[in-house]
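K.L.:
Please see the structure below; I have some questions.
Read the figures in this text as sums done on the coordinates, not as results from a lab. Small disclaimer: the values here were computed from a predicted structure and weren't measured. Glycine also receives a Cβ, built like all others from the backbone with ideal geometry; neighbour counts cover every protein chain displayed.
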Amino acid sequence: MTPAEVSQLASALVSEINRAIVGKTDTVERAVLTLLCEGHLLIEDVPGVGKTTLAKALAKTVGGEFRRIQFTPDLLPSDITGSSIFNQNTNEFEFRPGPLFANIVLVDEVNRATPKTQSALLEAMEERQVSSDGVTRALPRPFFVLATQNNIEMTGTFPLPEAQLDRFFARVSLGYPDRDYEAQVLKDQQVVHPIDSLRPVAGLDEVMAAQEAVRTVFVHDAVREYIVDVVRSTRESSQVTLGASPRGSLYLMHAAQAKAAMKGQDFVRPEDVKWCAPFVLGHRLIVRGEVRARGASGDDIVNQALTSVPVPLPVA
């Protein structure tokens, strides 16, 4: 698949999802980009702004098998990975796959499950496999986790550990819509929800072909060094106790490759890196308490790094 074909596929996905998510094209593009990078997406925002709708819309547009898991404190690891059930007819234990055995998995309120269940999800996200009853089983491809998190209610939650946050390729938020867009939402959903009419615009084979094509987009040495300098700048900032990891550098390069392909380019430009850096790196930073008290976030510190690091000359 060529970058032009990747661009066409991505545009079709974004256009279809925009029928259900009004006025949030940038966020939709970031979600599609994460899918093309074979990553996993954390959607974090206040209640009622469309986090679950975005996840469902993305799932419907790519087809494949879709499962939704509502995370609660009483959820067990076996509830999501599956378990062995004794079959009286055969006198043998049979494995019954859990909801993780799907192509698109929506994990609703991911921070409401216990750390033990979150760890089971972590293995699935990182290794594309689950372990149950001493047996490791591969998950289907493509495998894409969209997790939602309410970032204002902490009662009854188990905050995601840094190790699990680092496994999410990207973090996005929707925010409140503009006045005109909110009025449009009321009009569109007065009778039926637009998500009910969404249709698949790409097959799983096409998605996997696009994922492979993204990795072949050319990255100049100067751009690679620019990515490393941006990430190292976050580590040297006095506003954080921990900067972005080398995994963050790798994911930022893959994100920039995907962004270039989505524009039909066969090489990465510095502006592709700049566009991707905040939502790929922001959640990987541990910001000092006094800095958070002043209203600064990881995304703000990443933007400061982008401002301070010299941009390489145009490359082709």
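K.L.:
Give me the net charge for the shell around residue 20: Cβ to Cβ below 14 angstrom, other residues only, Lys and Arg +1, Asp and Glu -1.
P.N.:
On the way: positive: 19, 24, 51, 56, 60, 187, 199; negative: 16, 188, 196.
Result for the local shell: +4.
K.L.:
Follow-up question, since we're still on this one. Please work out the Cα center distance from segment 42-74 to segment 204-241, rounded to the nearest Å.
P.N.:
Measuring centre to centre over Cα atoms gives 26 Å.
K.L.:
Right, another one. Taking amide hydrogens as modeled 1.01 Å from N in the peptide plane, which residues meet the under 5 Å criterion relative to residue 114, leaving out close sequence neighbours?
P.N.:
When sequence neighbours closer than 5 places are left aside, the close amide H contacts are 75.
K.L.:
Taking the Cα centroid of segment 1-20 and of segment 99-174, what is the distance between the two, rounded to the nearest whole Å?
P.N.:
Centre-to-centre (Cα) distance: 26 Å.
K.L.:
Going through the DSSP H helices of the chain, which span 20 Å or more along their own axis at the Cα atoms while scoring at least 0.0 as a mean Kyte-Doolittle hydropathy?
P.N.:
Working: long enough: 3-17 (21 Å, 0.76); 221-236 (22 Å, -0.45); 246-262 (24 Å, 0.07).
Answer set is 3-17, 246-262.
K.L.:
Rounded to the nearest 0.05, what FRET efficiency do residue 93 and residue 70 have when you use their Cβ-Cβ distance and R0 = 30 Å? All intermediate terms of the calculation are to be shown ahead of the outcome.
P.N.:
On the way: r = 27 Å, r/R0 = 0.90.
The computed FRET efficiency comes out at 0.65.
K.L.:
Around residue 84, what is the net charge, scoring Lys/Arg as +1 and Asp/Glu as -1 over all other residues with Cβ under 10 Å from its Cβ?
P.N.:
Numbers: positive: 96; negative: 92, 94, 133.
Cβ neighbours under 10 Å give a net charge of -2.
K.L.:
Okay, next question. Which cross-chain or sequence-distant (5 or more) residues have an amide H under 5 Å from the amide H of residue 132, H modelled 1.01 Å from N in plane?
P.N.:
Residues meeting the criterion, in which the H sits 1.01 Å from N, are 137.
K.L.:
For the chain, what class follows from the C-alpha gyration tensor (a ≥ b ≥ c being the square roots of its eigenvalues): rounded when a/c is under 1.5, otherwise prolate if a/b is larger than b/c, else oblate? Spell out each step's value before the answer.
P.N.:
Working: a/c = 1.40, a/b = 1.31, b/c = 1.07.
Since a/c stays below 1.5, the shape of the chain is classed as rounded.
K.L.:
For every other residue with a beta carbon closer than 12 angstrom to the beta carbon of residue 6, add +1 if it is Lys or Arg and -1 if Asp or Glu, then tell me the sum. Working shown, then result.
P.N.:
Details: positive: 215, 259, 263; negative: 5, 206, 212, 266.
Residues close to residue 6 contribute a combined charge of -1.
K.L.:
Same structure, new question: For residue 259, which lysines qualify as cross-link partners when the Cα separation must be under 21 Å and same-chain residues fewer than eight apart are set aside?
P.N.:
Answer for residue 259, where 21 Å is the Cα cut-off: 24, 274, listed by chain and number.
K.L.:
Taking amide H positions as placed 1.01 Å from N in the peptide plane, with prolines and chain starts having none, which residues 5 or more places from residue 240, or on another chain, fall under 5 Å of its amide H?
P.N.:
288
K.L.:
Another question, then. Cut-off is 10 Å between beta-carbons; in what order do 148, 216 appear when sorted fewest neighbours first? Write out the running numbers ahead of the final one.
P.N.:
On the way: 148 22, 216 12.
In increasing order of surrounding Cβ atoms, one gets 216, 148.
K.L.:
Next question, about the same structure. Normalising by the residue count of segment 1-154, find the relative contact order in percent from Cα pairs under 8 Å and 6+ residues apart.
P.N.:
Working: 235 pairs, mean separation 40.6, N = 154.
Relative contact order for segment 1-154 comes out at 26 percent.
K.L.:
222 nm [θ] for the chain, helices only, -39500 (n - 2.57) per DSSP H run of 4+, per residue, to 500?
P.N.:
On the way: 13 runs with 146 residues, N = 316.
So the calculated ellipticity at 222 nm is -14000 deg cm²/dmol.
K.L.:
Loop sites only, by DSSP: take the GluC sites (Glu not before Pro) in the chain that have at most 16 other C-beta atoms within 10 Å and name the longest stretch containing none of them.
P.N.:
Details: sites that count: 65, 153.
Longest gap between qualifying sites, sites excluded: 154-316.
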